[in-house]
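A short write-up of the structure that comes next.
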Amino acid sequence: MTAEERERSIAAYVALGSNINNREQYLQDAITALNQEPGIVVTGLSSIYETEPVGYVDQSAFLNMVVQIQTVIPAEDLLSKLLDIENRLGRKRDVRWGPRTIDLDLLLYGDKQLTTPDLIIPHPRMHERAFVLVPLSEVLYERQDAAFEFISANLEKLEGKEGVVLWKKAQ
Ligand SMILES: Nc1ncnc2c1ncn2[C@@H]1O[C@H](COP(=O)(O)OP(=O)(O)OP(=O)(O)O)[C@@H](O)[C@H]1O
Ligand SMILES: Nc1nc2c(c(=O)[nH]1)N=C(CO)CN2
């Protein structure tokens, strides 16, 4: 990315999830693929968390994390790149919320709000998913801005709620 592009780039946050072997390798490959896209630089990584499956529970545990990027790619095109990377890494779509080699969700794109048939920003289910909010708050923490306040408030609401995942940091 050129200095001029960096100057006008937007901070975006992408959630990664994998629950088919080798989960850590899929996360790594997705991060590498993101960083190799022209117009995207990876600028921050959360820890990797091992999480119990939420929603469709009859599947193996996930590894989840959140990546911060700077990008000059418009949001709709960025989503296409994410879907393209999922496909390249062998993602099959059969069971909704079912097992996946890699899932890439666009959480936030600057302060943009958008609702189209293919893309909703902020991601409509992020505020109810501890497996997203915990790693997101980790990468947002340094900024201590409005987004961080919002995420922390939602996280507090989730605490102690029945059925919410048990957390442990993956080894
Ligand atoms: N912010 C977003 N990030 C990613 N996909 C989105 C977003 N908003 C809408 N979508 C749409 O959701 C579609 C389905 O995505 P996907 O198959 O990854 O869903 P899922 O991960 O199984 O479930 P969930 O959407 O609850 O995370 C995508 O093809 C995309 O068009
Ligand atoms: N723990 C966990 N559970 C899930 C996940 C995920 O990434 N982590 N993704 C889902 C579909 O978006 C459904 N359930």
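Structure data summary
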{"read-out": "The range 48-67, residues that are open to solvent by 30 Å² or more (accessible area, probe 1.4 Å) and touching a helix residue (DSSP H, G or I) at 6+ places or on another chain (Cβ under 7 Å)", "value": "ILE48, VAL54"}
{"read-out": "Residues (under 14 Å from the mean Cα position of the chain (by Cα) and open to solvent by 40 Å² or more (accessible area, probe 1.4 Å)) located in the range 34-47", "value": "THR43, LEU45"}
{"read-out": "In the range 93-113, the residues that are more than 16 Å from LYS81 (Cα to Cα), open to solvent by 30 Å² or more (accessible area, probe 1.4 Å) and within 9 Å of ligand 1 (Cβ to nearest atom)", "value": "ARG93, VAL95, ARG96, TRP97"}
{"read-out": "Check on ILE73, open to solvent by less than 30 Å² (accessible area, probe 1.4 Å), more than 10 Å from ligand 2 (Cβ to nearest atom), β-branched (Val, Ile, Thr) and free of Cβ contacts under 8 Å to residues at least 40 places away in the same chain", "value": "yes"}
{"read-out": "Cross-chain or 6+ apart pairs with Cβ under 6 Å, the range 89-105 first and more than 10 Å from ALA30 (Cβ to Cβ) and at pLDDT below 70, then open to solvent by 30 Å² or more (accessible area, probe 1.4 Å) and assigned to a loop (DSSP other than H, G, I, E, B)", "value": "TRP97/GLY55; TRP97/TYR56; GLY98/TYR56"}
{"read-out": "Any hit, the range 122-142, residues being farther than 20 Å from ALA30 by Cα, open to solvent by less than 30 Å² (accessible area, probe 1.4 Å), at pLDDT 90 or above and among the small types (Gly, Ala, Ser)", "value": "yes"}
{"read-out": "Odd one out for GLY17, checked against (1) of a type outside the set (A, V, I, L, M, F, W, C); (2) open to solvent by 10 Å² or more (accessible area, probe 1.4 Å); (3) part of a strand (DSSP E or B)", "value": "(2)"}
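The values are calculated or read from the model by the stated rules, or taken from the named source; none is laboratory data. Here the structure is a predicted model, which is why all the values come from computation and not from measurement. Note that each Cβ is placed from the backbone with ideal geometry, even for glycine, and that neighbours are counted across all protein chains shown. Ligands, DNA and RNA are stripped out before the accessible areas are found, and what is left, the full protein with its side chains, is counted by its heavy atoms. Shrake-Rupley method; radii C 1.70, N 1.55, O 1.52, S 1.80 Å.
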